[in-house]
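Engineer: Once you've had a glance at the structure underneath, I'll fire off some questions.
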Amino acid sequence: YRGRLVGRGAELTQLANFVAPLANGRFAGALTVQGEPGTGKSRLIHHFLEQSDALEVAELFLCQTDEILRQALNPFRYWLRDYFNQSPRFSPAQNQRHFEAVYAGLLYDTDDDELYAALVRGRSFLGALVDLFWDDSLYAQAETALRFENTLDALKALIRAECRRQPVILLLEDAHWLDVSSWELTLEIARGLTETPLFLLIALRPLREDEQSAEYKQLLDLPETHAITLESLSKADIKELIQTRLHVESLPETIVNLVQTRAG
């Protein structure tokens with residue numbers, strides 16, 4: 001991003017207030033940052049994470065959606081590929097070694113017996129999300145419906161285990177493209193991990209009524225879910241933004257009026 005952020009001071013203050021419970025090891029709830037295309041949702045979040053001390057107390061896990069690829073849990077697959085250091089540049093054997101090394105470290109740091117057992121049980125289901133498979137695994141033996149249920153349980157166990165290491169910010173970018181399975185998991189996380197230092201940050205365009213899944217509506221109804229809606233910039237902010245971009249000290253009002261009318 002170029003230049004300084006303009007006109008979002010109130011929203012930055014709101015973000016700081018919402019994420020504050022993490023510093024005390026508490027659940028920070030879910031926050032949707034909504035706005036039409038181009039209003040600066042991602043820029044706002046990026047600036048906040050870069051300029052605040054949020055990432056000094058919390059680990060950021062980015063779940064990036066894909067406009068084209070809508071496979072089940074795809075944004076969480078995106079996060080896990082980074083988390084387990086998976087890459088098409090590596091051989092299958094290398095990717096498997098990376099996965100096993102990260103998983104071994106996670107198990108080593110888990111001192112809760114019940115959570116440890118859940119992680120052991122979920123290993124092959126998480127592996128399948130990054131295209132790693134074992135012939136004798138629980139994933140290979142499970143029926144299709146049970147595979148999905150166990151995959152959700154494994155993901156929740158992984159996030160819970162990470163929250164025991166340090167607070168976590170789980171960022172869902174471009175969530176207007178989220179698949180139904182991912183909305184289901186997001187809802188389960190928001191409802192089921194309230195005892196952990198976790199903050200769900202969800203950036204999306206406003207969804208029409210017919211685009212809203214039942215899980216999305218339930219998420220919005222949770223008492224721990226909040227919303228920030230980005231409106232168009234004020235005329236003064238638009239003027240400052242143009243001056244910043246063009247490195248000029250003055251502008252004709254006709255230019256400012258034109259940009260305000262056409263772009264907001």
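Engineer: Using a basic spin-label model with each label point 7 Å from the Cα along Cα→Cβ, how many nm lie between GLN166 and ALA23?
Structural biologist: Roughly 1.7 nm, to one decimal.
Engineer: Using the heavy atoms of the protein chains alone and a 1.4 angstrom probe, what is the accessible area of the chain per residue in square angstrom?
Structural biologist: Averaged over the residues of the chain, the accessible area is 53 Å².
Engineer: While we're here: State the percentage of accessible surface on the chain attributable to carbon and sulfur atoms; use a 1.4 Å probe and exclude ligands, DNA and RNA.
Structural biologist: On the way: 6680 of 13870 Å².
Here carbon and sulfur together make up 48 percent of the probe-accessible area.
Engineer: For a protection proxy built on the mean count of beta-carbon atoms within 10 angstrom, sort 4-17, 69-82 highest first, please. Before the final figure, lay out the partial values.
Structural biologist: Working: 4-17: 15.6, 69-82: 18.1.
Averaged packing, sorted descending, gives the order 69-82, 4-17.
Engineer: In whole Hz and in residue order, list the ³J(HN,Hα) couplings for segment 171-183 that follow from phi through the Karplus curve 6.51 cos²θ - 1.76 cosθ + 1.60, θ = phi - 60°; x for Gly and Pro.
Structural biologist: Karplus values, whole Hz, x for Gly and Pro: 9, 9, 8, 6, 5, 5, 9, 5, 7, 4, 4, 5, 5.
Engineer: Kindly provide the GluC sites (Glu not before Pro) of segment 134-211 that DSSP labels as loop, not H, G, I, E or B, and whose Cβ sees at most 15 other Cβ atoms within 10 Å. Let's see the in-between values first.
Structural biologist: Numbers: sites: GLU143, GLU149, GLU162, GLU173, GLU184, GLU188, GLU195, GLU209, GLU211; in loops: GLU143, GLU195.
Qualifying residues, ordered by number: GLU143, GLU195.
Engineer: Whole angstrom only: what separates the Cα centroid of segment 1-35 from the Cα centroid of segment 43-108?
Structural biologist: The two parts, judged by their Cα centres, are 21 Å apart.
Engineer: Oh, and also: All other residues with a Cβ under 11 Å from the Cβ of GLY3 taken together, and with Lys, Arg as +1 and Asp, Glu as -1, what is their net charge?
Structural biologist: +3
Engineer: Which length gain, in nm to one decimal place, applies between GLU114 and SER91 when the Cα-Cα distance is subtracted from 0.36 nm times their residue separation? Working shown, then result.
Structural biologist: Numbers: separation 23, 0.36 × 23 = 8.28 nm, distance 3.37 nm.
Gain on stretching GLU114 to SER91: 4.9 nm.
Engineer: Still on this structure, please answer the following. Going by average Cβ neighbours within 10 Å, how do the peptides 228-238, 151-161 rank, with the highest at the top?
Structural biologist: Sorting 228-238, 151-161 by mean packing, highest first, produces 151-161, 228-238.
Engineer: Between ALA10 and ARG262, what is the spin-label point distance in nm, taking each point 7 Å from the Cα along the Cα→C-beta axis?
Structural biologist: 2.8
Engineer: In addition: Would you calculate a helix-derived [θ] at 222 nm for the chain, using -39,500 (n - 2.57) for each DSSP H run of n ≥ 4 and dividing by the full residue count, to the nearest 500?
Structural biologist: Value at 222 nm, helices only, nearest 500: -16500 deg cm²/dmol.
Engineer: Additional query: Under a crude label model (7 Å from the Cα following the beta-carbon direction), how far is GLN212 from ILE255 in nanometres?
Structural biologist: For the pair GLN212/ILE255, the computed spacing is 4.1 nm.
Engineer: At 0.36 nm per residue, and after removing the present C-alpha to C-alpha distance, how many nm does the segment from ARG2 to ASP237 gain when stretched out fully?
Structural biologist: Values: separation 235, 0.36 × 235 = 84.60 nm, distance 1.58 nm.
Here the segment from ARG2 to ASP237 would lengthen by 83.0 nm.
Engineer: How much net charge surrounds GLN34 when only other residues with a Cβ under 9 Å from its Cβ are counted (Lys, Arg +1; Asp, Glu -1)? It would help to have the intermediate numbers written out before the result.
Structural biologist: Details: positive: LYS41, ARG205; negative: GLU36.
Local net charge: +1.
Engineer: Enumerate the calculated ³J(HN,Hα) couplings along segment 52-59 in order (Karplus 6.51 cos²θ - 1.76 cosθ + 1.60, θ = phi - 60°), each rounded to whole Hz, writing x wherever the residue is Gly or Pro.
Structural biologist: 8, 9, 4, 7, 7, 10, 9, 9
Engineer: Then there is this: Using the Karplus equation 6.51 cos²θ - 1.76 cosθ + 1.60 (θ = phi - 60°), what ³J(HN,Hα) coupling, rounded to whole Hz, does each residue of segment 148-165 give in order, writing x for Gly and Pro?
Structural biologist: Per-residue couplings from phi come out as 5, 4, 6, 5, 4, 4, 5, 5, 5, 5, 4, 5, 4, 5, 5, 5, 6, 7 Hz.
Engineer: So I have (i) 71, 39, 38; (ii) 67, 45, 32; (iii) 61, 44, 33, and one of them is Cα extents along the principal axes in Å calculated from this model. Which one is it?
Structural biologist: The value matching this structure is (i).
The values are calculated or read from the model by the stated rules, or taken from the named source; none is laboratory data. The structure presented is a predicted model; accordingly, all values stated were derived computationally and were not measured. All Cβ positions, glycine included, derive from the backbone under ideal geometry; neighbour counts span all protein chains shown. Note: accessible area is taken over every heavy atom of the protein model, side chains too, but ligands, DNA and RNA are not part of it. Shrake-Rupley method; radii C 1.70, N 1.55, O 1.52, S 1.80 Å.
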